[in-house]
Amino acid sequence: MAIQNILVADDEESIRWVLSKALKKQGFYVDLAEDGLQARSLAQKNHYDLAILDIKMPGIHGLDLLKQFRVDYPDTLIIIMTAEATMEHAISAMKNGAYDYLAKPFDLTALDAIILKAEKAAELTGKIDHLKEELQDHYSFGRSIIGNSQPMQEIYKILGRVASSDVTILVTGESGTGKELIARAIHINSRRLGKPLVALNCAAIPHELLETELFGHERGSFTGATERKIGKFEQADGGTLFLDEIGDMPLELQAKLLRVLQEKEITRTGGSQTIKVDVRIVAATNQDINTLVKDKLFREDLYYRLNVVPIKLPALRKRRDDIPILSDFFLQKSKQDLGIDLMEFSAETLELLQSHPWPGNVRELENTIKRAVLLSPNQVLTPIDFPDLIGDKKQQRQNESLEALVAQKLENSLSQMNLQEMDNLYEMVLHQIERPLINIVLQKTRGNQIRTAEVLGINRNTLRKKIKTLEIEVKRGGS
């Protein structure tokens, strides 16, 4: 945003004439006002990128006019002029939002320098405003967080209500559901946009280092502390602090975090000075935090302090309707990242993607599609390009087939029994299934009990006990 239109307000005609001539020579459009009232009237009719205002003018005092401009025309940069270059005037002008201050008599070179600096500032402001618009557009709910399903619509409603406030938010959900994306979207759509968004994964930092990561430390506070360290709270001052995997935070540190949330101040490790911090907290965990509270692994008072607004992200398998649009989004993103022009999904592939359970959620979907785009030589991605999913689908069908067979056999056997007279049916059936299962695996592994335990997914000692209890004969080296 370049400066084009300038308003000059001064009750001295000579000042107005000199400034007008100098500014017009540089290509600016200039309007002149001989007092504060005329300056206000002109500003109501025209847009000015820059206003040069004298402090002492008839009608409206220059500092009062400055205050009005800051409210009514916040995009207009203000330069204050005065013949009384007192500290009081300078401080008052800058305190009330003036861009700069010019003492009379002044050299036009000094004015040129200020205007040049103002143009750069205006250009930077324009870039920041454009960046904010792009960020808000990109991270508006429904763009960064992709999904039209009913569970996601409910999430959007919550986000829309809380983003502009400063309430603490606790985001829960399985790994890969997009908890950090939620925190980022909240920050971008809050009044804290332009301030830092700082993230810390509490599970990725050793417990003994987590405190200094959060609160910082003073030089010499412990062995190896050769210089002062600024912690995440200070780094995020004025902005948002995202505490991921909060459920992994040790109890003793939870108490200190609670105190910070209550007092809004921190003390660096090894320090004595309290430091005020203005930070909005968004916390997240993939654990059942209610269970952690019951098991005394998470402080109940901290839980209530964090859980002002709970947001529970659904697993991808709970919103399968979103898989096609997510898949297309990740396909386009992968093509762009890898410089590939033509590629699309076949109908069978979309059906395969939508039927997969996705235990790793959205993150797994993104990585799977990116790998397929990278490795496939074809323009159309078919199920063959997703061998892991085909294998999982085959295994799922086999499991379903085995379960159906067992169910049929059980139904046939139980129909011949008088269930009213039985009291150990579960144990009896379990032994009848366990014995042939262990026997078959032992035969396949040629009597190798270590390998048999691995195949069955049980402990070796557990296998030995079952072999003894079920009276299974182990034949080594058999086929």
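The figures follow:
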| quantity | calculated |
| --- | --- |
| Neighbours by Cβ (under 8 Å, 6+ apart or cross-chain): first from the range 194-210, surrounded by fewer than 12 Cβ atoms within 10 Å (Cβ to Cβ); second at pLDDT 90 or above and among the charged types (D, E, K, R) | Ala204/Glu245 |
| Lys409 vs. criteria modelled with pLDDT under 75, under 52 Å from the mean Cα position of the chain (by Cα), more than 30 Å from Leu331 (Cα to Cα) and in a helix (DSSP H, G or I) | yes |
| Matching residues in the range 355-382 - criterion: being in a helix (DSSP H, G or I), over 24 Å from the mean Cα position of the chain (by Cα) and either of a type in the set (Val, Ile, Thr) or surrounded by 17 or more Cβ atoms within 10 Å (Cβ to Cβ) (or both) | Ala372, Val373 |
| Scope the range 109-149; condition modelled with pLDDT of 80 or more, assigned to a helix (DSSP H, G or I) and surrounded by 13 or more Cβ atoms within 10 Å (Cβ to Cβ); matching residues | Leu111, Asp112, Ile114, Ile115, Lys117 |
| The range 461-479 - residue that is over 30 Å from Glu411 (Cβ atoms) and assigned to a helix (DSSP H, G or I) and, of those, modelled with the lowest pLDDT | Asn461 |
| Condition check for Gly247: in a loop (DSSP other than H, G, I, E, B) and either touching a Lys or Arg at 6+ places or on another chain (Cβ under 6 Å) or within 30 Å of Thr291 (Cα to Cα) (or both) | no |
| Unique residue being under 42 Å from the mean Cα position of the chain (by Cα), at pLDDT 90 or above and closer than 19 Å to Leu19 by Cβ when the list is Ala98, Ala43 | Ala43 |
| Number of positions in the range 207-222 that are outside any helix (DSSP H, G or I) and more than 14 Å from Val260 (Cβ to Cβ) | 6 |
| In the range 20-64, residue nearest to Asn96 (Cα to Cα) [restricted to those that are part of a helix (DSSP H, G or I) and among the small types (Gly, Ala, Ser)] | Gly62 |
| Candidates Ala204, Ala225, filtered to the one that is in a loop (DSSP other than H, G, I, E, B) and closer than 20 Å to Val171 by Cα | Ala204 |
| Verdict on Ile458 being at pLDDT 85 or above and touching a Lys or Arg at 6+ places or on another chain (Cβ under 9 Å) | no |
| Tally, over the range 1-21, of residues that are touching a helix residue (DSSP H, G or I) at 6+ places or on another chain (Cβ under 8 Å) and either surrounded by 17 or more Cβ atoms within 10 Å (Cβ to Cβ) or without any contact (Cβ under 8 Å) to a residue 12 or more places away in the chain (or both) | 7 |
| Members of the range 419-439 found to be surrounded by fewer than 10 Cβ atoms within 10 Å (Cβ to Cβ) and at pLDDT 70 or above, listed by number | Asp423, Asn424, Tyr426, Glu427 |
| Where a residue in the range 311-325 is of a type in the set (A, V, I, L, M) and its partner, wherever it lies, is assigned to a loop (DSSP other than H, G, I, E, B), with Cβ under 7 Å and at least six apart | Leu313/Gly173; Leu313/Thr177; Leu313/Gly178; Ala315/Glu174; Ala315/Thr177; Leu316/Trp358; Ile325/Ile146; Ile325/Asn148 |
| All positions within the range 287-308 that are crowded, with 20+ Cβ neighbours inside 10 Å and either more than 22 Å from the chain's Cα centre (by Cα) or not hydrophobic (A, V, I, L, M, F, W, C) (or both) | Phe298 |
| Residue within the range 179-195 that is within 20 Å of Lys264 (Cα to Cα), of a type in the set (Lys, Arg) and in contact with a strand residue (DSSP E or B) (Cβ under 9 Å, 6 or more places away or on another chain) present | yes |
| Selection from the range 412-463 of residues that are under 20 Å from Val474 (Cβ atoms), of a type in the set (Gly, Ala, Ser) and free of Cβ contacts under 8 Å to residues at least 24 places away in the same chain | Ala453, Gly457 |
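For (1) in contact with an Asp or Glu (Cβ under 6 Å, 6 or more places away or on another chain); (2) part of a helix (DSSP H, G or I), each residue gets a yes or a no:
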{"site": "Val293", "(1), (2)": "yes, yes"}
{"site": "Tyr303", "(1), (2)": "no, yes"}
{"site": "Pro314", "(1), (2)": "no, no"}
{"site": "Ser327", "(1), (2)": "no, yes"}
{"site": "Asp337", "(1), (2)": "no, yes"}
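The values are calculated or read from the model by the stated rules, or taken from the named source; none is laboratory data. Not measured: the values here are computed from a predicted model. Virtual Cβ from ideal backbone geometry, glycine too; neighbours counted across all protein chains shown.
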